[in-house]
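The block underneath contains the structure these notes are about, expressed in structure tokens.
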Amino acid sequence: MDFVVGLPVRVFLIWKYDTWPSGWETLTAPLFILLAVVTVLGLGLFLAAVNVRYRDVRYMIPVFLQVLPLLSGVMFAVDQIPTKWQWILSLNPMTSVIAGWRWAVLDASPPQPGQVAVSVAVAVALFVVGLATFRSSEPTFADTI
């Protein structure tokens, strides 16, 4: 929802400052959005299943959301930190989403393919684990609630 609200603002600012994205990398922007959707869907399915069993999960999510920007390169460019830490940050799929979006839309430096591959693998693993957890605990939702 934030993306839908923020996109017109972003387009307006790009128009105002006349910095339209160009080049083939612009075509990769939807792929990075797809990576974000897969990550969030997997994490959401997992947290939904766990929340049914443990009711305190809903109180932990806002705290987690406050820390997440610090662990995903929102406030800094990932290529400005040492390489060792870049690989650790690539375990968070949203790091590649943010770096890829900056590259595709704002003409920043391109993300490292190896780090993007790690992020994609983690996102797919999150999705598979989230879906498996949700499906295995779904039959007991009505009993637990």
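Computed from the coordinates by the stated procedures, all read-outs in this text should not be read as laboratory data. From a predicted model like this one, the values you see are computed outputs, not experimental measurements.
Helix 29-53 and the long axis of the chain differ in direction by around 20°, with both axes built from C-alpha atoms.
Between helix 57-67 and the chain, what is the angle of the helix's C-alpha long axis to the longest principal axis, kept within 0 to 90° and rounded to the nearest 10? The two axes meet at around 20 degrees.
Straightening the chain between Phe64 and Asp143 buys 25.6 nm, computed as 0.36 nm per residue apart minus the Cα-Cα spacing.
Cα centroids of the stretch 99-145 and the stretch 28-62: 8 Å apart. Axis of helix 93-106 versus longest Cα principal axis of the chain: the two differ by about 30°, to the nearest ten degrees. Rg and Dmax, both from the Cα atoms of the chain and both in Å, are 17.4, 57. Helical content alone sets the calculated 222 nm signal of the chain at -23000 deg cm²/dmol, taking -39,500 (n - 2.57) per DSSP H segment of four or more residues and averaging over every residue.
Sequence gap at least 6, Cα distance under 8 Å: using those rules, report the relative contact order of the stretch 5-110 to the nearest whole percent. Show your work: numbers first, answer last.
Working: 63 pairs, mean separation 42.0, N = 106.
After rounding, I find 40 percent.
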